[in-house]
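Taking it in order: structure first as structure tokens, then the write-up.
The values are calculated or read from the model by the stated rules, or taken from the named source; none is laboratory data. Keep in mind that what you see is a predicted model, and the values were worked out from it rather than measured. Methodologically, a virtual Cβ is constructed for each residue, glycine included, from the backbone with ideal geometry; neighbour enumeration extends over all protein chains shown. These area figures cover heavy atoms from the full protein model, side chains too; ligands, DNA and RNA do not enter into them. Shrake-Rupley method; radii C 1.70, N 1.55, O 1.52, S 1.80 Å.
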Amino acid sequence: MSLTYYPTSPVQVPKKLTALTSSYQLKAFLAVLAIILFFVLYTAMVVGLGYLFYYSIIYDMGVVNKLTILMKVGAIAGAGMLFIFTLKFIFKLKNHKPNNRIKLEKAKNPDLWSFVEQICKETGAPRPKSIYVDPDVNAYVAYSNVWLSLFLPVRKELTIGMGLTDCLNLSEFKAVMSHEFGHFAQRSMKIGSYIISANTIIHDMIFERDKWDDLLDQWRASDIRLSAAAWVITPIIWIVRQMLNLFYQFLNIMHSSLSREMEFNADKVAVHTSGSDAIISALWKLDGGSTAWMGTLNHGILAGRKNIFVKNLYVHNALSIERSSDTQNDLFSALPADPRGGKKYFSISEHSKVGMYASHPPNNMREDSAKVPYVACEMDTRSPWILFGNKEALQEEMTQLLYQLYLEKKPTEQSDIEVFEQFIKLETQGADLAKEYENTFLNRYLVIPSKEKLTTAISNQTKPNKKLLGSLKAELKQLMEPVGEIEGLLVKAQQIAEGTTKERSFSFKGIEYSKKNLENGYNFLITSREELFNTAFEEWDTKFCAFFTALAKEQGKGKELNELYTQHQLLSEFYRNTTTNKNEIYNAVIELQSKGEVTKEQLHSLTARVKDSFKKLNEALAEMDNASFVKMPNVETIQELKEALVDNGEFKIEHGLIFENGGFQKMMEQLENTIYNCQRIDQKSIGCILLFHKDLEPI
């Protein structure tokens, strides 16, 4: 690789910039101690229960009769079950490999590999075994085999997100890669592997319910003479699980604490190669890049369902980023100067929304760490795509892989760029108008009034004009103020829970909430917001609809607007019913679980209830065929509408014992997906209404 592809490194770098702090070393020591303690205790438990099983076989029965034989068999079976309980995770060991990656051969991507090798030289990190790309705004380093890494010096793999490559410049890309290679160089990464392995063992023993648990349940349900040992070991299993749960939490606290220090140190490595600004400006750009990519991917999936496929989704992602570039440039220009150097990107405790950094320290703390001391470096604004051999071919290959993963399709024909862009334009139609109404419809239903209420409201209001519309918007702004206050407290509660704010409590309706009762406070905030949405806005919605209905009648468009309102009411009702059914089913399951032992009759009753709920939802879908349909963007028929709400336009009711054959989970996944789809269609319907209203507005 020519050095012209490698951004300039800082000229002056403090000698001990990447040296491990005393805090890092202490937390690494504590994490190692926790791991040693766990494996010592776990080994002791396995050996102890293994010996118990052995002793139950060899001990002398003394007098041989029916009772002693039953006791002998029960002891062997009980001890055997306990021993298997400690080892059952072994039968599930897998080295999971992501299925959304493409391996980059060195021969086809020499510049990228040379770029990576140059970073290895500069950071002192070992070279990766392989380099992969995945589709997202992402970058990570991982062992090629986590379980083998516990015992052998297994080499690591680097994965680069193509969405990440889209949204950063070359210096920022170098900084993010240097951050990842900072992890390559960290010996403490091995600690993470041990903690992940310990968590896998504990999680399986505490939370997983498998054939071992089914066997224990069946054993307990048998004749008491045969099941006595099963009833003896049941409380023992409960005690072991409670103890392991405490250790599970302890291990994760230790790992979280160390992980925080590892991230700060990896940032210092990025500063060493790229300066203080590059890694922080990359952090600042990632949320926008993630929003763009998730939008592009979502549109790709939705368009694919209508058999609109494109050759290269990343062309459209680049267009999406370009559309938001003016806004991003304005935001960048508005950032204040940082007295330490460069811009001040983060001023509050803000966690990144991007998955790769969601569990990391708050961005403002990372910025402070990266700028103490401040290291200046020239910024290379070229695109990182110049490092890839044939970027178009790679992007097209990833696009095909995404269609296979998300839609299980392998398209043979692709639409033009313009066709897909038109689909995106239609999909987002009317979204900007929601801002004029304080985005009030994003988190609540628009309540369409009855004909009687609408007629009364029209007769009570003055002739619709600009002034009346202005007063409606002003009234809405006042109504949204308490909602905004609650949402601000929700953010504060989350920050208190994460420890990213100096505040230790918040007050709401005269009650103080601290960490001890934070969950209660958070739930109360959610409930209070829902109550506001359900009670405080209905009168405003009536005035809102009455204002535009009066305008529509004046302009001879009353029938068209009424059809839009009627359709929206139908969609809202289906949305509410789907959400209500999901909540009622989950509540019924929780109530049943709280009773302890569950009988077959109770399971059969709940199964019938779940299936009946799905039948009623299917009836509601069928009734849509009789409703007057108004076309919406990218939804042109009633069948398309039903398929946009539910896969294939109908809920699939699983057969048999759904709580035993996995059917319940599949059915609930359908409900979750449908609720997501309902939200999309609800916003699409709102967009159609707001656009129609906009055309009616008085000049």
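Ligands, DNA and RNA aside, R127 has an accessible area near 140 Å² when probed at 1.4 Å.
Mind checking which lysines have their Cα closer than 21 Å to the Cα of K451? Skip sequence neighbours fewer than 8 apart in that chain. Partners found: K463, K543, K553, K557, K559.
On a 1.4 Å probe surface of the protein chains, which of K344, K129 comes out largest in accessible area, and what is the full order?
Details: K344 50, K129 110 Å².
Descending accessible area places them as K129, K344.
The alpha carbon centroids of region 621-654 and region 79-139 are separated by 43 Å. Dipole of region 590-682 (Lys/Arg Cβ +1, Asp/Glu Cβ -1, origin at the Cα centre): which of F659, C678, I638 lies farthest to the positive side? Looking along the dipole axis, the top candidate is F659. Relative to the Cα centre, the charge distribution of the chain, modelled as +1 at Lys and Arg Cβ and -1 at Asp and Glu Cβ, gives a dipole magnitude of about 1740 debye. I'd like the accessible area for M254: 1.4 Å probe, protein heavy atoms, all chains in place, Å² to the nearest 10. Using a 1.4 Å probe on the heavy atoms, I get roughly 40 Å². Under the rule a/c < 1.5 gives rounded, and otherwise a/b versus b/c splits prolate from oblate, where does region 588-699 land using the Cα gyration tensor? Prolate, because a/c is 1.5 or more and a/b exceeds b/c. Model label sites at K509 and N648, defined 7 Å from Cα along the beta-carbon direction, differ in position by 4.5 nm.
How high is the FRET efficiency from L20 to D695, r the C-beta distance, R0 45 Å, rounded to 0.05? Calculated value: 0.10. Scalar couplings 3J(HN,Hα) for region 210-217, obtained by applying the Karplus form with A = 6.51, B = -1.76, C = 1.60 to θ = phi - 60°, are 9, 5, 4, 5, 4, 5, 5, 4 Hz; x denotes Gly and Pro.
With the simple model of a label 7 Å out from the Cα in the direction of the Cβ, N465 to H96 spans 6.4 nm. Model label points for R609 and N587, set 7 angstrom from Cα along the Cα-to-Cβ axis, are 1.0 nm apart.
Taking each of K435/K582; K600/K666; K285/K502 in turn, the alpha-carbon distance tops 23 angstrom for K435/K582; K285/K502. With the Cα gyration tensor of region 205-275 giving a ≥ b ≥ c as the square roots of its eigenvalues, does the rule (a/c under 1.5 for rounded; else a/b larger than b/c for prolate; else oblate) give rounded, prolate or oblate? Verdict is prolate for region 205-275. Over the chain, Cα pairs under 8 Å with separation of 6+ residues give a relative contact order of 14 percent. When S369, S22 are compared by accessible area at a 1.4 angstrom probe, the order from most to least is S22, S369.
What FRET efficiency comes out for the pair W231/T43, r = Cβ-Cβ distance, R0 = 30 Å, nearest 0.05?
0.60
What the chain shows is 52 Å² of accessible area per residue, with the surface traced by a 1.4 Å probe over protein heavy atoms. The portion of the accessible surface of the chain made up by carbon and sulfur, rounded to a whole percent, is 57 (1.4 Å probe; DNA, RNA and ligands excluded). The DSSP beta bridges internal to the chain are antiparallel in roughly 70% of cases. If you sort the three axes of the alpha carbon gyration tensor as a ≥ b ≥ c, you get a/c of 1.5 or more for the chain and a/b no higher than b/c, which makes it oblate. Of Y522, Y6, the residue with the largest accessible area leads and the full order is Y522, Y6 (1.4 Å probe).
Set the Förster radius R0 to 25 Å, insert the Cβ-Cβ distance between E601 and W238 as r into 1/(1 + (r/R0)^6), and round the FRET efficiency to 0.05.
0.50
Remark on region 43-117: ratio of C-alpha radius of gyration to 2.2 N^0.38 Å is 2.29. Compared with the direct C-alpha span, the chain from I69 to A434 gains 123.8 nm at full extension, assuming 0.36 nm per residue. Note on H604: accessible area is roughly 100 Å² with a 1.4 Å probe, heavy atoms of protein only.
Ignoring lysines fewer than eight residues from K121 along the same chain, the ones with Cα atoms less than 19 angstrom from its Cα are K15, K16, K106, K129, K156, K174, K268.
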